[in-house]
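The values are calculated or read from the model by the stated rules, or taken from the named source; none is laboratory data. On a predicted model such as this, the values are computed, not experimentally measured, just so you know. Don't worry about glycine lacking a Cβ; one is built from the backbone with ideal geometry, like all the others, and counts go over all protein chains shown.
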Amino acid sequence: MNKFLTFQGQQPLYLGDVDFASQAIRDAFKMVLKGLTGSDSANAILHGVVPSVRSSSVTFSAGVVSIDGEILPVDVSAISGTLSDTFYLKINSTLGGSRVFKDGETHSCWETRSVEVTKTVTDYPLASFRRLQGGFGTQRWHYAQGGVDFNLVKTGLVWTMTIMRSAMTGLDEHFFEVNVPGIQSDDLQAFPSVATLIPTTAYINGNGGVTSKPLEVWYNKTSGGELHILMDLADSSAADGTSYAQVVIPVF
């Protein structure tokens, strides 16, 4: 990386020297992230920023992202809406360290930068950010709403879904349906673009004890950059008790 060189003999120090040293550090991080992401933009999710759903809002956990090679913390972000909405990253800047200069002018000498997830359109759509975990880290998407608890977990190259849901009612059109956002584009490309069936089994704990029924799980990537999941009991009946299911998604 570039260096600011120092020498004995009362070396003069200028404001441009501070800028040079600061930029050298920023450039070094950006070059590392370019190599890790394989992208000149060096945009990536480095940690966290995982969505979960409660009632009519989506909450993204705190985390760390790289935006144009700049490493920034992400605040916990609660947003009204659903997982099917389009989310963006917004950089916020706070000034501090106010001081009076020799010429009498006052300047803030500190800038603290952080990121929030928002639905306000910015240059940084969340779906375009690669989740950087070396390809083998665990990634998790969680949905909890209306008596349903759904998890999608990627560990290494294996994708696993688990679901627990309360008894179905006449208002339920499907056993379960959701669009999962935030899957990095490289991973999403591995999913089929047309709905593909995985036959599995749902275990239902009702008044008659635990019974099993064939469960059809359909999955495909959408044109909007999300993973669509649709589950229905094969006999089109309604689950009359708390249901449980687990399925591994084949990705080739």
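Annotations for the structure displayed:
- Pairs linking a residue in the stretch 92-112 that is closer than 29 Å to VAL65 by Cβ and in contact (Cβ under 8 Å) with a residue 24 or more places away in the chain to a residue that is of a type outside the set (S, T, N, Q) and assigned to a strand (DSSP E or B), with Cβ atoms under 9 Å and 6 or more positions apart or on different chains, are ASN92/ARG113; ASN92/VAL115; ASN92/GLU116.
- Search result, residues across the stretch 81-98 that are surrounded by 10 or more Cβ atoms within 10 Å (Cβ to Cβ) and either assigned to a strand (DSSP E or B) or among the small types (Gly, Ala, Ser) (or both): GLY81, SER84, TYR88, LEU89, LYS90, ILE91, ASN92, THR94, LEU95, GLY97, SER98
- Any hit, the stretch 120-136, residues being hydroxyl-bearing (Ser, Thr, Tyr), in a strand (DSSP E or B) and under 26 Å from GLU177 (Cβ atoms): no
- Annotation note: of THR118, THR122, THR138, THR160, the sole residue that is at pLDDT 90 or above, touching a strand residue (DSSP E or B) at 6+ places or on another chain (Cβ under 8 Å), among the hydroxyl-bearing types (Ser, Thr, Tyr) and not assigned by TED's automatic domain parsing to the domain that holds SER66 is THR160.
- Strands (runs of 3 or more DSSP E) lying entirely in the stretch 149-252 (those with 1 or more residues that are hydroxyl-bearing (Ser, Thr, Tyr)): 158-165, 196-206, 209-221, 242-249
- Residue in the stretch 6-27 that is among the hydrophobic types (A, V, I, L, M, F, W, C) and closer than 20 Å to ARG131 by Cα present: no
- Residues that are without any contact (Cβ under 8 Å) to a residue 40 or more places away in the chain and either within 19 Å of GLY225 (Cβ to Cβ) or surrounded by fewer than 20 Cβ atoms within 10 Å (Cβ to Cβ) (or both) within the stretch 37-62 comprise GLY38, ASP40, SER41, HIS47, GLY48, SER56, SER57, VAL58, THR59, SER61, ALA62, listed in sequence order.
Each row is one residue, and each column tells you yes or no for (1) of a type in the set (Gly, Ala, Ser); (2) out of contact with any strand residue (DSSP E or B) (no Cβ under 8 Å at 6 or more places or on another chain); (3) at pLDDT below 95.
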position: VAL178; (1), (2), (3): no, no, yes
position: ILE183; (1), (2), (3): no, no, yes
position: ASP187; (1), (2), (3): no, no, yes
position: PHE191; (1), (2), (3): no, no, yes
position: ASN207; (1), (2), (3): no, yes, yes
position: LYS213; (1), (2), (3): no, no, yes
position: TRP218; (1), (2), (3): no, no, no
position: LYS221; (1), (2), (3): no, no, yes
position: GLU226; (1), (2), (3): no, no, yes
